[in-house]
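**Student:** Below: one structure in structure tokens.
The values are calculated or read from the model by the stated rules, or taken from the named source; none is laboratory data. Computed from a prediction, not measured in an experiment: that's the story for all the values here. Neighbour counts are summed over all protein chains in view; Cβ atoms, including those assigned to glycine, are modelled from backbone coordinates with ideal geometry. Remember, those area values only see protein heavy atoms, side chains included, never the ligands or the DNA or RNA. Shrake-Rupley method; radii C 1.70, N 1.55, O 1.52, S 1.80 Å.
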Amino acid sequence: KSKLHVIHNFICIECGKQFESEQTRSKFCSNKCKSKYRRKNKLDEITKKCIICGNIFTANKYRQAKTCSRKCAGILRKDNKNYV
């Protein structure tokens with residue numbers, strides 16, 4: 001075996017399961033655990049301003065949220081129907 005393909009043992013920081021990887025610094029046993037960890041620790045949260053009422057709210061940066069609540073979302077939907 002070459003030094004490039006050495007198997008290392010790790011423990012997943014989300015679920016605690018032991019796993020093996022060729023990487024030298026692995027933290028998660030799967031993408032599922034990585035995503036769960038990021039959601040739980042709010043690593044992808046950003047602040048946005050509601051386009052209806054102007055309130056500041058937090059949302060995941062990968063979500064296309066434009067409104068702070070269901071109420072504002074309903075108003076946005078209603079307004080969009082009027083323009084079509």
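**Student:** On a 1.4 Å probe surface of the protein chains, which of Ser21, Ser35 comes out largest in accessible area, and what is the full order? Could you put the intermediate results ahead of the total?
**Tutor:** Details: Ser21 25, Ser35 50 Å².
Putting Ser21, Ser35 in descending order of accessible area: Ser35, Ser21.
**Student:** Related question: Specify the angular offset, from 0 to 90 degrees and rounded to the nearest 10, of the alpha carbon long axis of helix 31-40 from the longest principal axis of the alpha carbons in the chain.
**Tutor:** It is inclined by approximately 50 degrees.
**Student:** Also, quick follow-up: Just one of (1) 3, 13, 14, 13, 11, 9, 8, 8, 7, 6, 4, 2, 1, 0; (2) 3, 9, 11, 15, 15, 10, 9, 11, 8, 6, 4, 0; (3) 3, 14, 23, 19, 16, 14, 8, 3, 0 is P(r) over Cα pairs in 5 Å bins from 0, in percent as worked out from the coordinates here. Which one is it?
**Tutor:** From the options (1) 3, 13, 14, 13, 11, 9, 8, 8, 7, 6, 4, 2, 1, 0; (2) 3, 9, 11, 15, 15, 10, 9, 11, 8, 6, 4, 0; (3) 3, 14, 23, 19, 16, 14, 8, 3, 0, the structure gives (1).
**Student:** Accessible area per residue for the chain in Å², computed with a 1.4 Å probe and the full protein assembly in place, what is it? Working shown, then result.
**Tutor:** On the way: 7380 Å² over 84 residues.
Value returned for the chain: 88 Å² of accessible area per residue.
**Student:** Go through Lys40/Lys66; Lys48/Lys71; Lys34/Lys61 and tell me which ones have a Cα-Cα distance over 19 Å in this structure.
**Tutor:** Working: Lys40/Lys66 22 Å; Lys48/Lys71 16 Å; Lys34/Lys61 16 Å.
The answer is Lys40/Lys66.
**Student:** Within 12 Å, Cβ to Cβ, of Cys29, how many net charges do the neighbouring residues add up to if Lys/Arg are +1 and Asp/Glu are -1? The partial results should precede the final answer.
**Tutor:** On the way: positive: Lys17, Lys27, Lys32, Lys34, Lys36; negative: Glu14, Glu20.
It works out to a net charge of +3.
**Student:** Given the protein chains as shown and a 1.4 Å probe, how many square angstrom of Asp79 are accessible, to the nearest 10?
**Tutor:** Asp79 has an accessible surface of roughly 60 Å² with all protein chains in place.
**Student:** Separate question: Taking the full set of protein chains and a 1.4 angstrom probe, give the accessible area of Ile51 in square angstrom, rounded to the nearest 10.
**Tutor:** 100 Å²
**Student:** Which one of Glu14, Glu22, Glu45 has the biggest mean-square fluctuation once the chain is modelled by GNM with Cα springs under 10 Å?
**Tutor:** Of Glu14, Glu22, Glu45, the most mobile in the Gaussian network model is Glu22.
**Student:** Within the accessible area of the chain, what % is carbon and sulfur when the probe is 1.4 Å and the other protein chains stay in place? Please report the intermediate quantities before stating the final value.
**Tutor:** On the way: 3580 of 7380 Å².
Here carbon and sulfur together make up 49 percent of the probe-accessible area.
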